[in-house]
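Below are the structure tokens for one structure; questions will follow.
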Amino acid sequence: MDGCARRAWAVAFALLRDRDEAFDAVQQACLVLARKPEAIPQGSPWPWFGVVVANEARNIRRKRRPQTNRLDEGVPMSLPPSRDPDPVAAAQLGETEARLREALDALPPKEREAVYLTHVAGMSQVAAAEALDRPRATVSLHARRGVARLEAHLARPASRLTRALALVPLVSPPGGWSGATSAWTQAALGALPATAAVTSTTLGAATVMTSKTVWIVSLTAALGLGVLGGRYVMPATAPSSETQTANAPDADMRADAAGTDAAPLEGRGVENVETLRQKLHDARMALARARTHADTLERALEAKRDPLAVKTGPVFTFGSLGQLEAIREANWREMATAARAVEGGVLEIFKRTEKGEAVPKALYLTLQENVEKMRKYEYRTIDKIPTSAKHNGELTHPITVANLLAAILSEVGLPLDDTQVADINRLGNAFDKAYEGLVRRFDADTPRVRRILEEYRLKGRFREDLKQVLTASQREAVVNPETEGLAGLDLHDPTLMILHTSPVLTGADRAEVGAKLKTVLAKKFAVGADDAGTLDAAVEAWLGGVARILEPVDKLRVKHYSYEQGLAAGEATALLYDRMLRDVPLTDAARKALLDDFAFYVPRLIRTP
């Protein structure tokens, strides 16, 4: 018997974990075939039939009541013995297969279903996703995780394990394989419309079947009754005398229907052997072409499948900010796509510039288009998400970062699981509590630079803790080691909140950088020539604070400082302003301007050729 019926049984059992319910699901799927045989695709009916089985299984699962004869979800246990054991499967089932089945049963439900459908039932990820009603990328992730768990539990390499999964003996359905297949087939044939009955007219030695025979051929193909040696093989059931008379005009046909070896084709008077062989060859070539075309269409569908099509809203709504319409109504799927495009575009522009290559105008236009998509969110959250930063405080807030991360991971097929969501919710609530504590400590005499510094520090801590929640694969998908934590290149880093307001002071050496800072401060805060000397000690203290980050860099990289370098610059600037408020004569207007200033002064030494 062809593997289609066994695959159908594997799908049903994987989803229902109950032999009787799985039997019913396959039988209901067969009835669907009988009622709508025109829907059966030409060529191989699998995985289309697998999706039909999965739909019926889900219908049964939705209607079921709590039962005691199903396997507990996710609890390690061996499968119960079949009430009608298949002797062939039982003979083949050794210790290794038993351990494999036990390990399969121990998998989390979603991973087990994905492994069963893609590795045991032989469905593609696209078909399995349709059968499970989940995004393709999610099914792919669950299948990979499931195989990884099995690999670790059984200490088998992945290549051997996947081969073993493809050959794993299945728990037989009630009545055994032959009985179940016969019951499914007879139920389906019995449900065929009367107009679909097979008729025949004998013309000499040839038998010409009416076009409605296609109903039976399609049905038997879908049920996996197969084409063996150029003939259709029906279930091994004893046909009635009426059926023999109507459908089997000679002994050879009856032998085929019984699944036994048939007499040689020579001498039947229908067609000679060479003609039949040529037709069989042509049919097989046509089938190969159809399968190639199907594979092409499947890849095209997979490429266009959007894992986030059913959800554009937020994953995270922690704290009071979670109630903001701007967050609840944001199209996070669109933002995720735009964010990836912006980050990729910025990096490409940087690399082209570094190589001295011209940047295409189209790249700038695409970049701007996607920036505007993200600004829609920013416009709606300004003055609603608390921040001391002048720019991008809203985009660097944990509730934004977390939702954007969740959307990006879903888009690339590595979504957060329930435990990760809970952990990130905890981190978000901890950030809110800590930020509220900061705000209570600040007063009218706290320079804005210090407020920004403490917010920057908190957000950096959240970012690091967030990365620890992710799996290695997820981190690899969202963290680019080449740009991680670099201002202007890593658009998910807190450096984004200081990028546009932090002057970069360049020079060939420490003295030149210090002189530039002194000039900037004197001009910004109206320190006259007579009082300029009071700035010397403050600038010298600032230079001491940034000494650890004073290292030569290429000119093109001066603005791409790291998070840690930005933190050092912020700490030194906050101390600089504290000293200026204490030691430098300032007018009331200058003092007010200093208290409200938002600049971190970032020193960069230019590397000489």
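Read-outs: derived from the displayed coordinates by stated rules, not from any lab. These numbers come from a predicted model, not from an experiment. In this analysis, Cβ positions are derived from the backbone assuming ideal geometry, glycine residues included, and neighbour counts consider all displayed protein chains.
Take Val115, Val421, Val315 and order them by how many other Cβ atoms sit within 10 Å, fewest up front.
Val421, Val315, Val115
Another question about this same structure. Mind scanning Lys361/Lys524; Lys384/Lys592; Lys351/Lys433 and naming the pairs with a C-alpha gap bigger than 31 Å?
Checking Cα-Cα distances, Lys361/Lys524; Lys351/Lys433 exceed 31 Å.
What list of ³J(HN,Hα) couplings, whole Hz, do you get for region 514-523 from phi and the Karplus terms 6.51, -1.76, 1.60, once you set θ to phi - 60° and write x for glycine and proline?
Here the 3J(HN,Hα) series is x, 5, 5, 5, 4, 5, 4, 5, 4, 6 Hz.
Now, a different point. Quick check: pseudo-label points 7 Å beyond the Cα along Cα→Cβ at Glu369 and Arg35, how many nm apart are they?
4.6 nm
Between Arg604 and residues 5 or more places away or on another chain, which pairs have amide H atoms under 5 Å apart, with H built 1.01 Å from N, and which residues are they?
Leu505, Thr506, Gly507
If all Cα-Cα distances of region 539-609 are sorted into 10 Å bins from 0 onward, what percent lands in each bin, rounded to whole numbers?
Each 10 Å bin holds this share of Cα pairs: 19, 43, 26, 11, 1.
Describe numerically, in nm with one decimal, the distance between label points set 7 Å from Cα along Cα→Cβ at Lys433 and at Thr587.
So the label points at Lys433 and Thr587 sit 4.7 nm apart.
Right, another one. How large is ³J(HN,Hα) for each residue in region 470-480, as worked out from phi by the Karplus curve 6.51 cos²θ - 1.76 cosθ + 1.60 (θ = phi - 60°), to whole Hz, x for Gly and Pro?
Per-residue couplings from phi come out as 6, 6, 4, 5, 5, 4, 4, 6, 10, 10, 9 Hz.
Can you sort Phe350, Phe49 from fewest to most other Cβ atoms within 10 Å of each residue's own Cβ?
Starting with the residue having the fewest Cβ neighbours, the order is Phe350, Phe49.
Now for a different question. Could you work out the local net charge near Met497, counting Lys and Arg as +1, Asp and Glu as -1, over the other residues with Cβ closer than 13 Å to its Cβ?
0
Is any residue of region 537-581 close enough, with backbone N under 20 Å, to a label point placed 7 angstrom from the Cα of Ala511 along the Cα-Cβ axis, and if so, which?
Once the point is set 7 Å along Cα→Cβ of Ala511, 537-548, 550-553 turn out to lie under 20 Å by backbone N, inside region 537-581.
So, one more: What does the charge count around Glu476 come to, taking other residues whose C-beta lies under 13 Å from its C-beta (Lys +1, Arg +1, Asp -1, Glu -1)?
That works out to 0.
Continuing with this model, one more query. Suppose each label sits 7 Å from its Cα in the direction of the beta carbon; what would the Ala526-Ala358 distance come out to in nanometres?
Here the answer is 4.9 nm between the modelled labels.
Rounded to whole Hz and in sequence order, give me ³J(HN,Hα) for region 568-580 from the Karplus expression 6.51 cos²θ - 1.76 cosθ + 1.60, θ = phi - 60°, writing x for Gly and Pro.
4, 5, x, 5, 5, 5, 4, 5, 4, 6, 4, 5, 5
Separate question: Taking 8 Å as the Cα distance limit and 6 or more residues as the minimum spacing, I'd like the relative contact order of region 504-606 as a percentage.
Taking the mean separation of contacting Cα pairs over the length of region 504-606, I get 48 percent.
Under 16 Å from a point placed 7 Å out from the Cα of Leu595 along the Cα-to-Cβ direction: which residues of region 437-460 have their backbone N that close?
441-452, by backbone N distance to the label point.
Please compute, for the alpha-carbon atoms of region 320-497, the extent along each of the three principal axes and give them in descending order in Å.
Reported extents, whole Å, longest axis first: 50, 41, 30.
Treat the count of other C-beta atoms within 10 Å as a stand-in for reagent exposure and order Ser388, Ser172, Ser320 from fewest to most.
In order of increasing Cβ crowding within 10 Å: Ser320, Ser388, Ser172.
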